[in-house]
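The values are calculated or read from the model by the stated rules, or taken from the named source; none is laboratory data. Values in this document were obtained by computation on a predicted structure and should not be read as measured data. Because the Cβ atoms are built from the backbone with ideal geometry, glycine has one as well, and the counts that use them run over all protein chains shown. For the accessible areas, the whole protein counts, side chains as well, though only heavy atoms, and no ligand, DNA or RNA atoms are used. Shrake-Rupley method; radii C 1.70, N 1.55, O 1.52, S 1.80 Å.
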Amino acid sequence: MAAALGAPRLMADFEHWGRSAYFELSEALWLSFGLEPAGIYEGRKLSIVKKDSTDLIDQYALRRAELIRRRFNPDGYDHRVSPTELLAWVQEVELDVHPGFAAMLADMVARSKDIAVEPPPGQAAVEGSSKFDDREKRSLSMLLVALAITDHGYQPNQARSPIPKEFEDMAARLGLELTRETILKYLRLGASQLPEGWEPLDL
């Protein structure tokens with residue numbers, strides 16, 4: 001947290017980043033230290049720091065990078081994390097982060113909760129429509145995985161599947177913003193509901 005003493009340009013601009021809709025994992029890493037996410041620390045890029053470095057600062061940064069990777073990107077896909085997800089994790093594991101970073105996330109989450117979604121003109125809000133319970137999530141995830149398997153050849157046990165990216169592109173062509181990570185999350189939830197002993201069918 002004292003890394004930018006004497007070099008204000010390295011200090012994180014939390015006012016700027018607090019307007020972001022999401023964070024790349026590398027951005028979350030540097031901001032958690034209170035540093036501008038330029039990927040540079042004392043003139044070095046984290047990506048070229050050797051894992052066997054004996055420098056304690058290198059080791060500290062690398063260990064945190066690994067924690068973030070394991071939590072948000074265990075399968076090696078490109079991943080973005082929302083302020084809500086990030087704050088929940090920081091609080092859950094009691095991660096020691098820069099106070100400005102924690103305050104920024106808290107403000108971002110609070111603002112998102114204050115935004116009311118209005119129904120389209122001519123449509124009345126459906127009572128209880130804001131609620132999305134676990135049963136509904138499971139039902140929709142089962143529908144999604146059924147379509148993915150039968151129409152797109154999705155294989156739930158495949159380590160790296162192209163299907164989440166295909167679905168992301170399909171949504172984008174319709175003007176819908178949906179990330180691969182969200183799609184993969186619900187595909188996995190749907191796949192977890194498949195009966196025991198299920199095997200891919202020749203559909």
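Scanning segment 100-107 turns up no residue that is at pLDDT below 90 and either of a type in the set (Asp, Glu) or within 11 Å of the chain's Cα centre (by Cα) (or both). Residues in segment 66-87 that are open to solvent by less than 60 Å² (accessible area, probe 1.4 Å) and in contact (Cβ under 8 Å) with a residue 40 or more places away in the chain: Ile68, Phe72, Asn73, Asp75, Gly76, Tyr77, His79, Val81, Ser82, Pro83, Leu86.
For segment 162-178, enumerate the residues that are surrounded by fewer than 20 Cβ atoms within 10 Å (Cβ to Cβ) and of a type outside the set (Asp, Glu). Result: Pro162, Lys165, Met170, Ala171, Ala172, Arg173, Leu174, Gly175, Leu176, Leu178. Contact annotation: residue pairs with Cβ atoms under 8 Å, 6 or more positions apart or on different chains, pairing a residue in segment 14-36 that is in contact (Cβ under 8 Å) with a residue 40 or more places away in the chain with a partner that is of a type outside the set (A, V, I, L, M, F, W, C) and open to solvent by 50 Å² or more (accessible area, probe 1.4 Å), are Gly18/Asp107; Tyr22/Arg80; Phe23/Arg80; Glu24/Arg80; Leu25/Arg69; Leu25/Arg80.
Of the residues Pro195, Pro156, the single one that is of a type outside the set (Asp, Glu), modelled with pLDDT under 85, surrounded by fewer than 16 Cβ atoms within 10 Å (Cβ to Cβ) and in a loop (DSSP other than H, G, I, E, B) is Pro195. In segment 1-60, the residue that is modelled with the lowest pLDDT out of those that are touching an Asp or Glu at 6+ places or on another chain (Cβ under 7 Å) and among the acidic types (Asp, Glu) is Glu36.
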